Amino acid sequence: MGFTHFDENGKAVMVDVTAKSETEREATATGRIVVNREVFQAIKAGTAAKGDVLGVAATAGIMGVKRTSDLIPMCHILPITNCRIHFDMDPDACAIYCECTVKVTGKTGVEMEALTGVSVALLTVYDMCKAMDKTMEIGEIYLVKKTGGKSGNIYNEKKRELDLL
């Protein structure tokens, strides 16, 4: 399968989805941020100076999902029907995992929206905690699964460290 975001002259284009049928689609992405022990404890206890870090980060992630087409040039504007952001905390690694699941009934999928939601949520954690730790690391952002659409269901076999415990 070739790239679909280029025309016959090699110029970037938005994919034409006019002829595609609307189907129910869902995508889940994950990522993590590793913080120092002080930050981890403050987030867990809800004592970070800027307030409820994970609550604000969840809201920011949802806002990021809704604005994905403003950030990624060839993304279609989608009528998101549902978005959920969930966090898991791993005290041994001082890691916070974020999972974002996005749903739509439409002509194209929501993978980019799920990935954007995770990215924005984790960036918000960084922003809210940077006064306590400037060495935080964001990473391991990837698509976990997508369902619906022409390509069907896709499941990424990667397992994050927390799942292996």
Checklist line | Cut-off under 5 Å, modelled amide H: who pairs with Thr81 long-range | finding: Lys103, Val104, Thr105
Next item on the list: Pick out, from Val35, Val118, Ile77, the residue whose Cα sits farthest towards the positive end of the charge dipole of the chain, with +1 on the Cβ of Lys and Arg and -1 on the Cβ of Asp and Glu.
Entry: Ile77
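Which order do His76, His86 take by accessible area at a 1.4 Å probe, largest first?
Greatest to least solvent exposure: His86, His76.
Would you work out the relative contact order for the stretch 1-108, in percent, from Cα pairs under 8 angstrom that are 6 or more residues apart?
Once normalised by length, the contact order is 39 percent.
Can you give the calculated 222 nm mean residue ellipticity of the chain, where each DSSP H run of n ≥ 4 adds -39,500 (n - 2.57) and the sum is split over every residue, rounded to the nearest 500 deg cm²/dmol? Walk me through the numbers on the way to the answer.
Numbers: 5 runs with 50 residues, N = 165.
Mean residue ellipticity at 222 nm (helix-derived): -9000 deg cm²/dmol.
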Item checked: Flagged links, alpha-carbon separation over 32 Å, of Lys20/Lys145; Lys44/Lys107; Lys50/Lys103; Lys103/Lys158 -> Lys44/Lys107
Notebook entry, point to check: Could you give the accessible area per residue of the chain, probe 1.4 Å, as a whole number in Å²?
Noted result: 58
Next item on the list: Select one label from (i) 0.96; (ii) 1.61; (iii) 1.14: the one whose number is Cα Rg over 2.2 N^0.38 Å as derived from the coordinates shown.
Entry: (iii)
Check: How many angstrom separate the Cα center of the stretch 23-81 from the Cα center of the stretch 109-132?
Finding: 4
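Counting only GluC sites (Glu not before Pro) that are in a DSSP loop and have at most 14 other C-beta atoms within 10 Å, tell me the longest site-free stretch of the chain.
Numbers: sites that count: Glu8, Glu22, Glu157.
My reading of the result: 23-156 is the longest stretch.
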Item checked: Unit charges on C-beta of K, R, D, E only; dipole of the chain, Debye -> 220
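Over its Cα atoms, what ratio of radius of gyration to 2.2 N^0.38 Å does the stretch 1-70 give?
Details: Rg = 19.8 Å, N = 70, 2.2 N^0.38 = 11.1 Å.
Normalised Rg, Cα atoms only: 1.79.
The values are calculated or read from the model by the stated rules, or taken from the named source; none is laboratory data. Everything numeric in this text was worked out from a predicted model, so none of it was measured. All Cβ positions, even for glycine, are placed from backbone atoms using ideal geometry, and neighbour counts span all protein chains on display. When the accessible area is computed, the model is the full protein with side chains, heavy atoms only, and any ligands, DNA or RNA have been set aside. Shrake-Rupley method; radii C 1.70, N 1.55, O 1.52, S 1.80 Å.
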